[in-house]
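Notes follow the structure.
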Amino acid sequence: EVEQLSVRFGGSRLRRRKPIIHAVNGVSFQLDRGETLALVGESGSGKSTTARAALRLLRATSGTIRWLGRDVTTLTGSQLREHRRHVQMVFQDPYSSLDPSMTIDEIVAEPLYVHTKLDRAGRRDRVVQVLEMAGLSAQYLGRYPQEFSGGQRQRVAIARALATDPEVIIADEAVSALDVSTRNQILNLMKDLQAESGVSYLFISHDLGVVGHLAHRVAVMYLGSIVEEGSTARVFGAPAHPYTEALLKSVPSTSLTQQGTGRFRLAGEPPDPSRPPTGCPFHGRCAKAIDICSVEMPSPRPVPGGGTAACHLVPVTAAAQPATAGG
Ligand code: SF4
Ligand code: MG
């Protein structure tokens, strides 16, 4: 559970004063066991930073992070190392994320050195086991990443992520660099692994077509804030935020059958995160903006069908008011 998470970069800590980047602004969400939550949005919207900060892979500037009810916001040292065992990552580029000087078994065994006390034989057994879970046979053990295709490399990355039996895997654009049929194979593999192990995914993607096939819930990010959140069916079927609507319109309907590597093509550019605008962060690009939008930041409001949207056009209902004052 993440509450009011914010991350700032830069500022006066550096000798040459740099602008403060407001990368993440007051983000709150919850990820359940066995669930896939997608963070979607244009590049630079703070998706990766949110995921890394939420799972304590980088330090948040403010906010609270709870893991199974326990506050892990300020863990350090060995406690933080122990906590990180629960979280693994799969990155976008299977060509640069695997060390070319290491063999497949060394790559997959690496987190086992860091996080477990398994001996050599125990590590080897586990490596074979997770390679098989990822659909690769033990015959690949002594080979190097450059002998493999992109899809096979991503299977190796997934095997490595599975090695310590994590509760959460962050998949950061993990299928974005793959061709369509390979991408679908990897998505199916991820679904199967989730059904088997109950692992949760924080699935970061700019590709809504892919998200629709994997995620249970979607959080749409814009300029470091979650502007809409809800079940995938509700958000895709009845988007309540003008930004989500624009995103959905920018997705080719054939997204899963084409080499869909294109970024969102929306009119205008997102604002500079070192100089965030007043009011709604989307107001400069929003076709529906009204006077209040450039002045007042809309807070998240419940929408019909579940979830929330932070937009002045969504009526504030009785349900939007906190049940008890002071929280
Ligand atoms: Fe558009 Fe205003 Fe809603 Fe922001 S608050 S999305 S500017 S209508
Ligand atoms: Mg990113």
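Number of residues in segment 60-89 that are modelled with pLDDT of 90 or more and either on the phi > 0 side of the Ramachandran plot or charged (D, E, K, R) (or both): the value is 7.
Show me the strands (runs of 3 or more DSSP E) entirely contained within segment 31-125 in which 2 or more residues are touching a Phe, Trp or Tyr at 6+ places or on another chain (Cβ under 8 Å).
Working: elements: 36-40, 62-67, 87-90.
In segment 31-125, the matching strands (runs of 3 or more DSSP E) lie at 36-40.
Has segment 196-204 got any residue that is within 16 Å of ligand 2 (Cβ to nearest atom), β-branched (Val, Ile, Thr) and at pLDDT below 95? No, because not a single residue in segment 196-204 is within 16 Å of ligand 2 (Cβ to nearest atom), β-branched (Val, Ile, Thr) and at pLDDT below 95.
Condition (residue is over 18 Å from the mean Cα position of the chain (by Cα), surrounded by fewer than 16 Cβ atoms within 10 Å (Cβ to Cβ) and closer than 27 Å to Gly307 by Cα) applied to segment 33-43: is it met by at least one residue? Checking segment 33-43: not a single residue is over 18 Å from the mean Cα position of the chain (by Cα), surrounded by fewer than 16 Cβ atoms within 10 Å (Cβ to Cβ) and closer than 27 Å to Gly307 by Cα. Residue-level analysis places Ala174 among those that are at pLDDT below 95 and under 30 Å from Thr116 (Cβ atoms).
Could you pull out the residue among Ile170, Ile158 that is under 13 Å from the mean Cα position of the chain (by Cα) and of a type outside the set (Asp, Glu)? Reasoning before the result, please.
On the way: Ile158 fails: under 13 Å from the mean Cα position of the chain (by Cα).
Within the list Ile170, Ile158, the selection yields Ile170.
Filtered by the rule that a residue be hydrophobic (A, V, I, L, M, F, W, C) and either modelled with pLDDT under 95 or more than 14 Å from Gly306 (Cβ to Cβ) (or both), segment 224-247 gives Ile226, Val227, Ala246, Leu247. A search for C-beta distances below 6 Å between a residue of segment 272-295 that is assigned to a helix (DSSP H, G or I) and any residue that is within 6 Å of ligand 1 (Cβ to nearest atom), counting only pairs 6+ apart in sequence or on different chains, returns Ile292/His312; Cys293/Cys280; Cys293/His283; Cys293/His312; Ser294/His283. May I ask you to verify whether Asp93 is acidic (Asp, Glu), under 24 Å from Ala159 (Cα atoms) and more than 16 Å from ligand 2 (Cβ to nearest atom)? No: the conditions fail for Asp93.
The values are calculated or read from the model by the stated rules, or taken from the named source; none is laboratory data. Note that the structure is a prediction, hence the values are computed from the model and not measured. Note that we place each Cβ from the backbone using ideal geometry, even for glycine, and neighbour counts take in every protein chain shown.
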